[in-house]
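Asks: Pasting a structure here, questions to come.
Each value in this text was obtained by applying a stated rule to the coordinates, not by laboratory testing. All figures in this text were calculated on a predicted structure; none of them were measured in a lab. As a convention, Cβ positions derive from the backbone with ideal geometry for all residues, glycine included, and neighbour counts pool all protein chains shown.
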Amino acid sequence: MNKKTNADAKKILLAGLIIGVVISVLAPFLASSDPDGLESAAEGIVDPATFAELEESEPFMSSPMPDYSIEGFGKLGEVGAIVIGTLLMLVLGYGVGKIIKG
């Protein structure tokens, strides 16, 4: 890869990183409070009593950031959790790409 192509790739990677972080910061303020697609589909398929029982049951494993937020920080906690998750996934994707590339 020549220097110009490498520089272009870095610019694209940086632009993608910036876009991902901007979306992460804005997401809590733009997100709908209505149920997401999976939850909405489950409500239509599972009878209401069973669905309520499932909602109240203990999870198999606890989440480090339940409901996409850091407890006690309000909207700032939501922004922080989403930014952390976005950055972790970008690093993980980058690492997997490096491993596959060899």
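Asks: Would you confirm whether any residue within region 61-76 is among the aromatic types (Phe, Trp, Tyr), free of Cβ contacts under 8 Å to residues at least 40 places away in the same chain and surrounded by fewer than 10 Cβ atoms within 10 Å (Cβ to Cβ)?
Replies: no
Asks: Which of the residues that make up region 8-60 are hydrophobic (A, V, I, L, M, F, W, C), surrounded by 11 or more Cβ atoms within 10 Å (Cβ to Cβ) and more than 25 Å from the chain's Cα centre (by Cα)?
Replies: 46, 52
Asks: Okay, moving on. Considering only region 61-88, state which residues are more than 21 Å from residue 30 (Cα to Cα) and either of a type in the set (Gly, Ala, Ser) or under 17 Å from the mean Cα position of the chain (by Cα) (or both).
Replies: 62, 63, 64, 88
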